[in-house]
Every structure is written in C-alpha cells, then in structure tokens.
1. Report the dimensions of region 244-348 along its three principal axes from the alpha-carbon atoms, largest first, rounded to Å.
2. Could you calculate, for region 74-144, the ratio of the Cα radius of gyration to the Kirkwood radius, expressed as Rg to Rh?
3. Sorted from largest down, give the three principal axis spans of the alpha carbons of region 47-111, whole angstrom values.
4. Dipole of the chain (Lys/Arg Cβ +1, Asp/Glu Cβ -1, origin at the Cα centre): which of Met278, Gln323, Val148 lies farthest to the positive side?
5. Name the residues whose placed amide hydrogens come within less than 5 Å of the amide hydrogen of Arg310, ignoring near sequence neighbours (fewer than 5 apart) on the same chain.
6. Please build a GNM for the chain, connecting alpha carbons under 10 Å apart, and tell me which residue among Ser237, Ser260, Ser248 fluctuates the most.
7. Given a cut-off of under 8 Å on Cα pairs at least six residues apart, what relative contact order in percent is computed for the chain?
8. List, in order, the whole-Hz ³J(HN,Hα) value for each residue of region 298-309 obtained from phi through the Karplus relation with A = 6.51, B = -1.76, C = 1.60 and θ = phi - 60°; use x for Gly and Pro.
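The values are calculated or read from the model by the stated rules, or taken from the named source; none is laboratory data. Please read these numbers as outputs of a predicted model, since none were measured by experiment. Note: ideal-geometry Cβ built from the backbone for every residue, glycine included; neighbour counts use all protein chains shown. Ligands, DNA and RNA are excluded from the accessible area calculation, which covers all protein heavy atoms including side chains. Shrake-Rupley method; radii C 1.70, N 1.55, O 1.52, S 1.80 Å.
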Amino acid sequence: MYAETPHRRYNPLTDEWILVSPHRTQRPWQGQTENLPPDDMPQYDPTCYLCPGNSRAGGVKNPDYATTFVFENDFAALLPELSGEDAPANTSLLLRSEPERGICRVICFSPRHDLTLAMMAVPDVRRVVDLWAEQTLELAENDWLHYVQIFENRGAMMGSSNPHPHGQLWANETVPEAPRKEDTAQRRYFAEHGRTLLADVAAEEIKRQERVVWQDEHWLIVVPFWAIWPYETLLISKRPVQLLHQLSDDERDSLAQALSTLTIRYDNLFRTRFPYSMGIHQAPVNTPDVEHWHLHLHFYPPLLRSATVRKFMVGYELLATPQRDITAEMAAATLRELPDVRFGRCGR
Ligand code: H2U
Ligand code: ZN
C-alpha cells in the first residue's frame, strides 16, 4: 500500500472515493486546540438529567434504575403522529418534501454518572448490547417503521450534551441516507457474488492483517481501508447477520468485549476520555429481501494527534472529497499496540 504517495481509495460500502495524503503528516499545527474534559466526575450528579431519580425537562422523574434505562426523547426530532394539517407550500419536481414519522429514545448505559463504555465492566456493556437488540425488536413491531438507527455521541467535542454514559436511538419511517447508500452497495455486491460485501472485506482483512486492530471468533475490528477519520474503525460480525437481535449469546459477549477493548485503547491513545460518534448499521426492518445486509458498527473519532488537536472536516473535505493524512495502516498499527487496561485510576 502506498505509504508516501498521494492516492485515492475506494469505499465499496458507500460507492465513494477518499483522498489519502500520507506525505503531509509532518505539517506543523498552529490552529485550534480543544479543552480537555474534566477527569474527576462524581458518581452521581444532582443536576444531571440522566442520573437515577433526577428530573428531566418537563418534570418527568427518572426511576432509580440500577443497570440501563431507556426513555422517549423529551425533545424528539421525529414524532410518531403527524398532524396532517400543514401540507408543504412548495410542491414541484425541484422543491420536494414529504412528512416523516419516527420515534426517538435516549438510552442510559449505566446509573453511574462518571463512567464511559471504556470504564464499564464487560458484563455491563453486554447489558447495553442486549438492550440495543431488544429495542430493535420492539420498535420493529411498528410496521410503519423501516429503520432503527442506534448511535452514541461521546464527548462534548462531538456535541454530546452530557457526560453521563448514554446513547440515542432514532427509528424512522424511511431509511436514512448513510444506511441507504450501504443498502444499495451491499445489494449489488450480494447479487454479483452471492456473499455479503463485509464477509469478503473481513476475509481479506484477516488474510492481510495490516489493518486489523483486534479480533476473536465472532467479531473483527479494523481501521477500514477507506477510513476518513484518523482513528476510524469498523466492527464486523464474522457471521453475516442482518440485525442485532439475531446475534447469539456468544456473539453478544464478543461484541461487548470488542466495544470494551476498543474504547479502552481509544482512551489510552491520547490518555483522555476519547470522543467519538459511534453508530450501528443493521438491516432495515419490516423490509423483505435484506439478506445482502451485514451487521456492523462504525466509530468516527475526531482526534488527530493529541487529546486537544482534532481533525476538521472542512474546506476540501466539505466541498470536494474527504481527505486524510495518516494512513489506515499507520492508525491500525498504533491501535493494535495499545494496552488493554485503561490508563489512570479509573481502570477496572
Ligand atoms: P446527546 O447528549 O447525544 O445530545 O443526547 C441527549 C439527548 O437527551 C438529547 O437528544 C435529550 C436531548 O433531546 N434530553 C431529554 O430527552 N430530556 C432532557 O431532560 C434533556 C435532554
Ligand atoms: Zn448523570
């Protein structure tokens, strides 16, 4: 693989190209640096709207939950019922709009305000995996819903409003854009090869090893060949399953272990509560013919060279094509070597 020459790489999951400029890694940085998140946090914060027993917006009180907790987002971006009264003013071929229904929920990973996935015990992470699976199954009972997007915004740098360990779930009537692109590419690949695209990517990565970060019998973590964020990773289930709730007991344990290992290594990379956006991509629900889908998770972390220097997706990235400096192979080599015990006294 080119280690010094500017080159393009193809992303077969989205049918898009990215630009890699490995020779630029030495350039100096005099731009913005980020503030470090506070490291000392209380186990319970009386002002936190996610802590057990506290009040949320609108006065609803959280239960005294002991493990995980799900609630309907008080400021939901989507609503299950539409008024049907305000039809769009502009309807033409070029000015199109349609109503969109959905359900938005917030998922607390732990009652402990001070923890992150990296600091939680693996069996507790497994509870989160089970909850994600249960939620997918439960929401799929609404036949008008077609996609369940589960995600986590970790850290203020990624726009998370609260350090309490939590993620979100937005379930839509239509399939959103990122999974829609992946649906098209995976469908085409499956029709041509009779195997899922990510089964073949996983096999190729296991053979080559250079981008593998971690693996066990059931899950594989790689820095994808086409990654655009410096330490972006892709978690692929070794068995091609379409939806979270199809994962076996062992596969769920393995996913919990993978999430724990990866988030610990991320924290160790710059010795910080590593920020990222994480999302689970699974097949559309209430949809026939989804055997081309292969369950996977994306981690998109913004940090580039330290806990305070981030990559910006601006300028050329925003207007032309995403670009990266350190190669996927360099990032994978770094992530592979990091210890599996979290730095500092927060280690398990
Ligand atoms: P983020 O940290 O990823 O923004 O998620 C927090 C979510 O919690 C956010 O979507 C919701 C916000 O709407 N929220 C409530 O539902 N109730 C509250 O009392 C405050 C925040
Ligand atoms: Zn809290």
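1. On the principal axes, region 244-348 reaches 45, 44, 21 Å in Cα extent.
2. Values: Rg = 18.6 Å, Rh = 15.8 Å.
Here Rg/Rh amounts to 1.18.
3. Taking max minus min along each principal axis of the Cα atoms, region 47-111 gives 52, 21, 19 Å.
4. In the chain, that residue is Gln323.
5. Under 5 Å from the amide H of Arg310: Glu34, Leu304.
6. Maximum fluctuation in the GNM of the chain, among the listed residues, is at Ser248.
7. Numbers: 670 pairs, mean separation 76.1, N = 348.
Once normalised by length, the contact order is 22 percent.
8. Result, rounded to whole Hz: 10, 10, 10, x, x, 5, 10, 10, 6, 5, 10, 10.
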